[in-house]
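The values are calculated or read from the model by the stated rules, or taken from the named source; none is laboratory data. The shown structure was predicted, so the numbers you read here are calculated from the model rather than taken from an experiment. With ideal geometry, Cβ positions are generated from the backbone for all residues, glycine too; neighbour counts draw on all protein chains shown. Surface areas here come from the heavy atoms of the whole protein model, side chains and all, with no ligands, DNA or RNA. Shrake-Rupley method; radii C 1.70, N 1.55, O 1.52, S 1.80 Å.
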Amino acid sequence: MGCGTGQATVPLAARGFAVTAVEPATEMAEIARRHLADCVSARVVVAAFEEWPLPPVGFDLVVAAASFHRLDPEVRMVKAAEALRARGALAVFSTHHIAGGSDEFFAQVQQCYERYYPNTEPGQRLPVSDEIPDDSEEFHRSARFSPPEFHRYEWKARYTTDQYLGLLMTYSGHREMPPSARDRLLDCIGERIDGDHGGVITKRYVTQLALAKRLG
């Protein structure tokens, strides 16, 4: 659901799973198709998941990787359940940037976002891993899934200036910015990395997986 450029889709398809990736943005879908060119068992459909006609045979697994929050909350649980076979599972991945790594850089770059990125709250700080909640309320409220299992994976990554700016351009929020504001934001961030941090930064993450089986 909402495959974007295919970052989470490619590893699934590379393992031989038959994958149908649904992405509403044509540009991102084209990038995902290029990334999946060697995976004959994968296809990319340009559509909003909420409006996409479900195939007659259900899926074993429905996956949302950093996309679930963008789907209509009135539709996403019901449609995900309808897309699954009996006892199929819904996997919702969310990756959160947490404190650690190049903390000084991320405190500095907050100023870039406050200047150029719309609706940035002033003075934001990075949470620690324990502050990321396990939220099962929507699963329970839907009455269509078993209580979810939660799994967490903490990790870190080092980025050069070009790598980090390239990473930001895979985020839908950055890609959807007006080009002039986005260019100024990226220039501001790049200047911080090059000027204050020797051209390399480290970013810490926690990826949370919520996994629940369809009931009935």
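If we count every other residue with Cβ under 10 angstrom of residue 49's Cβ, Lys/Arg +1 and Asp/Glu -1, where does the sum land? Show your work: numbers first, answer last.
On the way: positive: 70, 76, 79; negative: 23, 50, 51, 72.
It works out to a net charge of -1.
With angles folded into 0 to 90 degrees, how steeply does helix 26-35 sit against the dominant principal axis of the chain? Use alpha carbons for both and round to 10.
The angle comes out at about 90 degrees.
Do the sum for the chain: with -39,500 (n - 2.57) for every DSSP H run of n ≥ 4, divided by all residues, what is the mean residue ellipticity at 222 nm, to the nearest 500 deg cm²/dmol?
Working: 8 runs with 74 residues, N = 216.
Taking each H run of at least 4 residues, the total per residue is -10000 deg cm²/dmol.
Rounded to the nearest angstrom and ordered from largest down, what semi-axes does the equivalent ellipsoid of the stretch 17-172 get from its C-alpha gyration tensor (root of 5λ)?
Details: eigenvalues 195, 92, 47 Å².
Those come to 31, 21, 15 Å.
State, to one decimal in nm, how far the label point of residue 160 lies from the label point of residue 26, with both points 7 Å from Cα in the Cβ direction.
So the label points at residue 160 and residue 26 sit 3.4 nm apart.
Show which lysines lie in cross-link reach of residue 203 when reach means a straight Cα distance below 30 angstrom and same-chain residues fewer than eight apart are skipped.
Qualifying lysines at Cα under 30 Å: 156.
Residue 76: net charge of surrounding residues, Cβ under 13 Å, Lys/Arg +1, Asp/Glu -1, itself excluded?
Working: positive: 70, 79, 141, 144; negative: 50, 51, 72, 74, 82, 138.
Charge balance in the 13 Å sphere: -2.
Once the mean 1/r over all distinct Cα pairs of the stretch 1-87 is inverted, what Kirkwood radius in angstroms do you read off? Kindly include the intermediate steps, with their values, before the conclusion.
Working: mean 1/r = 0.0766 Å⁻¹.
Roughly 13.1 Å, rounded to one decimal.
Tell me, what is the 1.4 Å probe accessible area of residue 136, in Å² to the nearest 10?
Near enough 30 Å² of accessible area.
Taking the chain as a whole, which cysteines find no other cysteine Cβ under 4.7 angstrom from their Cβ?
3, 39
I want to make sure I understand the PRE zone here: with the label point 7 angstrom from the Cα of residue 136 toward its beta carbon, which residues in the stretch 177-216 have backbone N atoms less than 19 Å away?
208-216
If the cut-off is a Cα-Cα distance under 17 Å, which lysines reach residue 213, setting aside same-chain residues fewer than 8 apart in sequence?
The reachable lysines, counting only those whose Cα sits under 17 Å from residue 213, are 79.
Which cross-chain or sequence-distant (5 or more) residues have an amide H under 5 Å from the amide H of residue 19, H modelled 1.01 Å from N in plane?
42, 43
Over the chain, what is the percentage of antiparallel beta bridges among all DSSP beta bridges, to the nearest 5? Kindly include the intermediate steps, with their values, before the conclusion.
Numbers: 23 of 34 bridges.
Roughly 70 percent of the DSSP beta bridges within the chain come out antiparallel.
Place a +1 charge on the Cβ of each Lys and Arg in the stretch 14-97 and a -1 charge on the Cβ of each Asp and Glu, then give the dipole magnitude about the Cα centre in debye, rounded to the nearest 20.
Roughly 320 debye, rounded to the nearest 20.
Counting Lys +1, Arg +1, Asp -1, Glu -1, what net charge surrounds residue 116 among other residues with beta carbon under 10 Å of its beta carbon? If you can, show how the numbers build up before the last one.
Values: positive: 115, 182, 184; negative: 114, 183, 187.
Surrounding charge for residue 116 is 0.
What are the ³J(HN,Hα) couplings of the stretch 8-20, residue after residue, when phi is run through the Karplus curve with 6.51, -1.76, 1.60 and θ = phi - 60°? Round to Hz, x for glycine and proline.
The phi angles translate into 8, 6, 4, x, 5, 5, 5, 8, x, 6, 7, 10, 10 Hz.
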